[in-house]
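Have a look at the structure below, then the notes.
The values are calculated or read from the model by the stated rules, or taken from the named source; none is laboratory data. Computed from a predicted structure; not experimentally measured. Glycine also receives a Cβ, built like all others from the backbone with ideal geometry; neighbour counts cover every protein chain displayed.
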Amino acid sequence: MSKKKVTIKDVASHAGVSVAAVSYVLNGKAHKVSEETIGTIYESIKALNYIPSISARGLVKNTSELIGVIIPQTEEHKQLVFQNPFYSEMISSIESVVREYGYHIILAGVEKGKSYLDISISRNLDGAIIMGVYPEKLYEECKEADIPIVLIDSYIHDDYFTNVGIDDELGGYLATKHLIDNGHRHIAIVTGMIRRDGVVEKRFLGYKRALQEAGLFYNPDYVFEHSVTFDHGFKAGGHIARNNPDITAVFATADLVAFGVIRGLMENGNSVPQDVSVIGFDDIAWAGMLYPPLTTVKQSIAQKGERAARLLIEQLRSTDKKSTEGTHSLLPLEIVERSTVRKLNG
């Protein structure tokens, strides 16, 4: 038999006070009751193990205290959010910040064609952080939701939105140039779907810029495009080992993909970096743990999540909402050298 849920009425009865007094204490209006009453109420809350209802508190404060963290599903792989450690690191940093201010997060993956607006209305969100939204009709719905929104890794050029990101084109350029500077001339790229004005496309354009600057031929046969998954990297790595002996280096546009590339190369008789060098992108926590440790383009994932969360809190707490919108925050990039890129002689 399930245990009966403790209510605010139970707390009031146990403490010998009114329900209104308990409500004042729970909703930031403790100044309306005496110190002795406050102490008695907290003793009763502890004794009864009472957990305040977020929705009930929201009715009093005219806020849900909920922030949506929304990740559009731009790939066919529905579990992508949970498979990629990049997202877990980002979400963890967001949650840590919003919790400081008394908010809670709701995580939602939105499939292509589904509405952001439906989520914000049905959940009564106070605000939202949206990762990787593309400049298509869906982003207009974000405006219609009429709640503070911060975008992460989006190339929507609209002053309505606050945006946190990196220079992905520069990142792709730095990764490819690092391989070129180490003597590599036949460089493949293993990547997710290249969509216009998306993160992947920017990194791909950086790859092409580095090749052009070095006077190297762009070979479309060296482009392995499918999804940002370990499985895609694994298949591409195996294909390169079996069918592309000229390729001496690979730029994987995400660390998760790079791990798959390395595994695919090794299981098909290639050694990393002796036969093929690999560079990744992101510097997720696993990059320095797996063997061989991955050389990669580092972006501060935690800092990106923290920055987005604090910018959203600013909007939620500002009396002049427009004054906090339109910020574009660009975080730095750097190459982290480990063990998966070797210098070619000659």
Please list, ordered by first then second residue, the pairs with beta carbon atoms under 6 Å, 6 or more apart or interchain, first in the stretch 223-234 and in the same structural domain as residue 250 (by TED's automatic domain parsing), second among the aliphatic types (A, V, I, L, M) and surrounded by fewer than 21 Cβ atoms within 10 Å (Cβ to Cβ). 225/194
Just to be sure before I move on: is residue 268 modelled with pLDDT of 95 or more, of a type in the set (S, T, N, Q) and out of contact with any strand residue (DSSP E or B) (no Cβ under 9 Å at 6 or more places or on another chain) in the structure I sent? yes
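Of the residues 188, 252, which single one is closer than 24 Å to residue 88 by Cα, in contact with a strand residue (DSSP E or B) (Cβ under 6 Å, 6 or more places away or on another chain) and either in contact (Cβ under 8 Å) with a residue 40 or more places away in the chain or surrounded by fewer than 20 Cβ atoms within 10 Å (Cβ to Cβ) (or both)? So that I can check it myself, show each step before the final result.
Values: 188 fails: closer than 24 Å to residue 88 by Cα.
Answer to the check: 252.
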Counting only residues that are modelled with pLDDT of 95 or more and of a type in the set (Gly, Ala, Ser), which one in the stretch 303-346 is surrounded by the fewest Cβ atoms within 10 Å (Cβ to Cβ)? 339
From the set of residues in the stretch 24-33 that are within 19 Å of residue 101 (Cα to Cα) and outside any loop (DSSP other than H, G, I, E, B), which is modelled with the lowest pLDDT? 30
Pairs under 6 Å by beta carbon, first residue part of a loop (DSSP other than H, G, I, E, B) in the stretch 91-119, partner at pLDDT 70 or above and hydrophobic (A, V, I, L, M, F, W, C), six or more apart or different chains? 101/313; 103/67
Hey, residue 241 more than 21 Å from residue 345 (Cβ to Cβ) and modelled with pLDDT of 95 or more or not: yes
Step by step: first the residues of the stretch 81-90, then only those that are more than 18 Å from residue 150 (Cβ to Cβ), in contact (Cβ under 8 Å) with a residue 40 or more places away in the chain and out of contact with any His (no Cβ under 9 Å at 6 or more places or on another chain), then the one that is surrounded by the fewest Cβ atoms within 10 Å (Cβ to Cβ). Which residue is that? 85
